[in-house]
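These notes concern the structure reproduced below.
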Amino acid sequence: AVVCYSYLSSGINAEYGGFNGLQMGYLESEDSPLKTAISLYSTDNRYTDDIHYEGGAPIGSGLLSWSGWMFAMNAIPPPPRLFSTKLEWFDVWRKRLEKSSKSYMSSWLHHQLPGAMWEQGSIDQDYSRVSMPVLVFGGLEDGYTTAAERMARKLNPKSKVIIGPWVHNWPDVSVTGPKIAYMELCLKWFDHHLKDQDEGCSQWPRMQVFVRNSFKPEDLVSTDPGVVAELGRFVAFPDWVDRGERVQALCQQSRDTSRD
């Protein structure tokens with residue numbers, strides 16, 4: 001039997017691969033060999049909770065940095081060892097350069113409202129399509145803060161969510177603590193779902209969230225274990241039920257000023 005899994009997080013930019021893990025689960029069928037995914041600092045909605053827009057307003061830093069970064073990354077040549085001839089390698093690279101010449105920034109700014117462009121790759125379009133168990137990590141000091149809680153409400157019952165006090169970095173090396181044994185948790189998750197070993201993952205609470213105590217600003221990044229331990233605690237939520245969302249717009253009531 002072929003065992004296939006998705007552990008797709010790349011370097012510090014965990015969200016880049018975290019998105020891919022969710023999207024692969026969205027695209028796969030129930031009988032797919034893809035058994036599970038671990039997703040860090042990702043989102044279920046590319047419009048509301050990514051680096052492009054926040055509340056409908058463009059995120060300047062995210063738009064600029066990511067558009068430039070992706071433009072440069074897409075221009076990188078493919079590994080020559082994957083091709084039988086230098087001519088074949090050069091032809092693929094040339095086509096890549098031609099396709100990557102379009103401005104990401106222009107495309108993003110021309111789609112300032114929710115729509116088909118952002119729905120592509122957003123699993124909140126149909127959560128039921130993600131049938132495999134997913135282990136989701138979120139960080140309170142990360143830019144992808146709200147998506148992890150939503151996924152705790154809407155992903156399939158086999159999925160679990162851990163939200164810690166971390167920045168956009170691995171939970172075992174984040175400058176904000178406490179850190180956790182992240183790799184050990186991943187190993188338990190994979191052994192449980194890929195090797196059918198009973199690692200107790202099914203008994204984990206649906207969501208675990210780090211709840212902070214009050215603290216002095218300089219203690220936030222303290223390396224003193226005693227200080228870090230006093231910053232808060234993890235609280236377990238055995239069930240985190242989706243009770244529906246209600247959006248209410250709060251704005252000043254308009255009035256007719258023509259008579260003033």
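The values are calculated or read from the model by the stated rules, or taken from the named source; none is laboratory data. In this text, all values refer to a predicted model and were calculated from it rather than measured experimentally. As a convention, Cβ positions derive from the backbone with ideal geometry for all residues, glycine included, and neighbour counts pool all protein chains shown.
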Exercise for the section: May I ask you to list pairs of residues, at least six apart or on different chains, whose Cβ atoms are under 6 Å apart, with the first in region 10-31 being over 19 Å from Trp66 (Cβ atoms) and the second being modelled with pLDDT of 65 or more and β-branched (Val, Ile, Thr)? Expected result: Gly25/Val130; Tyr26/Ile123; Tyr26/Val130
Handout entry: Residue match in region 39-52 (condition: in contact (Cβ under 8 Å) with a residue 60 or more places away in the chain and on the phi > 0 side of the Ramachandran plot)
Key = yes
Practice task
Test Phe237 against the stated conditions and say whether it is among the aromatic types (Phe, Trp, Tyr) and either farther than 24 Å from Ser39 by Cα or at pLDDT below 85 (or both).
Solution key: no
Exercise for the section: Read through the list (1) buried (at least 20 other Cβ atoms within 10 Å of the Cβ); (2) over 19 Å from Leu135 (Cα atoms); (3) touching a strand residue (DSSP E or B) at 6+ places or on another chain (Cβ under 8 Å), then give the number of the only condition that Gly21 fails. Expected result: (2)
Handout entry: One residue from Val161, Val167, Val136 being assigned to a loop (DSSP other than H, G, I, E, B) and not aromatic (Phe, Trp, Tyr)
Key = Val167
Fill in the blank from the handout: Residue pairs within 8 Å by beta carbon, gap of at least six or interchain, first lying in region 62-75 and over 19 Å from Tyr144 (Cβ atoms), second in a helix (DSSP H, G or I), listed first then second, are Phe71/Tyr104; Asn74/Arg96; Asn74/Lys99; Ala75/Arg96; Ala75/Leu97
Completion exercise
Of Asn45, Asn74, the only residue that is among the polar types (S, T, N, Q), modelled with pLDDT of 85 or more and in contact with a Lys or Arg (Cβ under 9 Å, 6 or more places away or on another chain) is Asn45
